[in-house]
Amino acid sequence: MIAVEPLAGMETQVGGGHVVFGGGIAGLTIARELLKQGCHVTVVEKGATVGGLARTFERDGFRFDIGGHRFHSNNPSVVQWLKDLLGADLLTVPRFSHIYLNQQFVDYPIQFPGALTIFSPLKAIQMVSSYLMAKLTERQRRDVSFEDWVIKRYGRALYEVFFQPYTEKVWGIPGDRLSAAWASQRIGIPSMWRAVRHAIFPPQKAPATAISQFYLSP
Ligand SMILES: Cc1cc2nc3c(=O)[nH]c(=O)nc-3n(C[C@H](O)[C@H](O)[C@H](O)COP(=O)(O)OP(=O)(O)OC[C@H]3O[C@@H](n4cnc5c(N)ncnc54)[C@H](O)[C@@H]3O)c2cc1C
């Protein structure tokens, strides 16, 4: 017997209509595009509401976002698609992100060398030496998981203090089970050395995750 597990955002055709499994952003986008083409669509969502990781829920009069809900894309046609969808409801908001770390707010994405000042001098030295150690052994290090990727470029000490707790808290998946490709997409500055260089000589074009503004719909 073969068990068939429907995948989120996967579309299939039943009779004359279409069935989309998963009412997250991907599924709802597919459904909308099919509707625009005049198709009959049914979205099957296993949760009580649609929205998936991008949904907002209410409790005790407060509204909570599961994720950041900040839209940005380097693909102009994707941006245009959203502009057409939301019209005047689409706002441009300056980005101002902080992470609460070591009882202080630090910039996100993390900035160097400023970020090191929130740690004791001993811890900061430990981080720099751990980075130098990672550089020395760079060639022998593999690049399979998120953990491998970050340690190779930032050192183990900084991984354990910053990247690991933050990532595992947000995504709920251990760093050694996330892929290295995912790290390279999410971490705009690819090494501690480049991060320090960017801080001293800011680049003309900001890296993708360090954008200064994003789109938002109220
Ligand atoms: C903390 C956090 C912050 C984030 N911040 C941002 C941000 O600022 N900007 C940004 O662009 N992205 C952000 N993201 C990522 C973004 O939220 C997700 O990439 C996006 O919402 C994924 O949409 P999706 O439709 O692919 O999947 P999902 O949102 O996971 O939707 C899948 C849906 O399918 C349903 N489903 C699953 N299995 C089945 C089944 N068998 N049958 C029927 N239904 C099923 C689920 O219940 C869910 O509703 C963030 C994510 C997190 C967690």
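Is the shape of region 141-181 best called rounded, prolate or oblate, per the rule: a/c under 1.5 gives rounded, else a/b larger than b/c gives prolate, else oblate, with a ≥ b ≥ c the square roots of the Cα gyration tensor eigenvalues? Please list the in-between numbers first.
Numbers: a/c = 2.64, a/b = 1.18, b/c = 2.23.
Oblate is the answer for region 141-181, as a/c is 1.5 or above yet b/c matches or exceeds a/b.
Straight-distance candidates among the aspartates and glutamates for linking to Lys152, with alpha-carbon spacing under 17 Å and chain neighbours fewer than 8 residues away dropped: Glu138, Asp143, Glu160, Asp176. For Lys83, the lysines whose Cα comes closer than 26 Å to its Cα, not counting residues fewer than 8 places off in the same chain, are Lys36, Lys205. The separation of region 141-186 from region 61-94, counted between C-alpha centres, amounts to 27 Å. Taking a ≥ b ≥ c as the square roots of the Cα gyration tensor eigenvalues, region 36-110 comes out oblate, since a/c reaches at least 1.5 and a/b does not exceed b/c. Straight-line cross-link partners of Lys46 among the aspartates and glutamates, defined as a Cα under 16 Å from its Cα and at least 8 positions apart when in the same chain: Glu5, Glu11.
So for region 10-69, averaging the separation of alpha carbon pairs under 8 Å that are six or more residues apart and normalising by length, what relative contact order in percent results?
28
A short reminder: the numbers here are calculations on the coordinates, not readings from a lab. Every value quoted in this text rests on a predicted model; they were computed, and no experiment measured them.
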